[in-house]
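Just so you know, all these numbers are worked out from the coordinates, no wet-lab data involved. Because the structure is predicted, anything quoted here is derived from the model rather than measured. All Cβ positions, glycine included, derive from the backbone under ideal geometry; neighbour counts span all protein chains shown.
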Amino acid sequence: MNNALRTRAARLIEVEMAAYRAARREQHWDTAWIALERAHILSQPFLGPHLANHWEMLSFAVAQRDAREVVGQIMRLALAPLGALTGRNPVGNIGRATVSAFQPMPIPDDLRQAMADPDRT
């Protein structure tokens, strides 16, 4: 993957993580999860950011005392390196315990366009 794409993804991930942190501060839990999900979609091709996203999801699930999500995030932390090694990360997957860890999902149009257009970052 080229450096320009990595840089673009890193900027977009930071935008989503800032949205997550703001929503969490304001206790807008659904909005916070959506921002984490979007950051997950963007981070999937990059093992370090992908793992960092799952750690943040795990931390948030623990803070919310969501046992199902905690277990799901622990499982995903174990699976993420295998997906990276095999190239089998399910594109577009939101990374939550509410969906299969193996299910590809559509990438939201705005994220797909932002990744494709360097002028949008």
Centroid-to-centroid separation of the stretch 25-57 and the stretch 61-99 [C-alpha atoms, Å]: 11 Å
What full-extension length gain, to one decimal in nm, is calculated for L82 and Q64 as 0.36 nm per residue of separation minus the Cα-Cα distance? 3.7 nm
When only C-alpha pairs under 8 Å and at least 6 residues apart count, what is the relative contact order of the stretch 17-121, in percent? 22 percent
Restrict the search to the stretch 17-103; then list the chymotrypsin sites (Phe, Trp or Tyr not before Pro) that DSSP places in a loop and that have at most 16 other Cβ atoms within 10 Å of their Cβ. F102
What nm value, rounded to one decimal, do you get for the distance between I74 and A10 when each label is placed 7 Å out toward the C-beta? 3.3 nm
Could you compute the longest span of the chain free of trypsin sites (Lys or Arg not before Pro) located in DSSP loops and having at most 15 other Cβ atoms within 10 Å, not counting the site residues? 1-64
One quarter of the C-alpha convex hull surface, i.e. the mean projected area of the chain in nm², amounts to 7.0 nm²
Within the stretch 22-93, which GluC sites (Glu not before Pro) sit in a loop by DSSP and count at most 16 neighbouring Cβ atoms inside 10 Å? E26
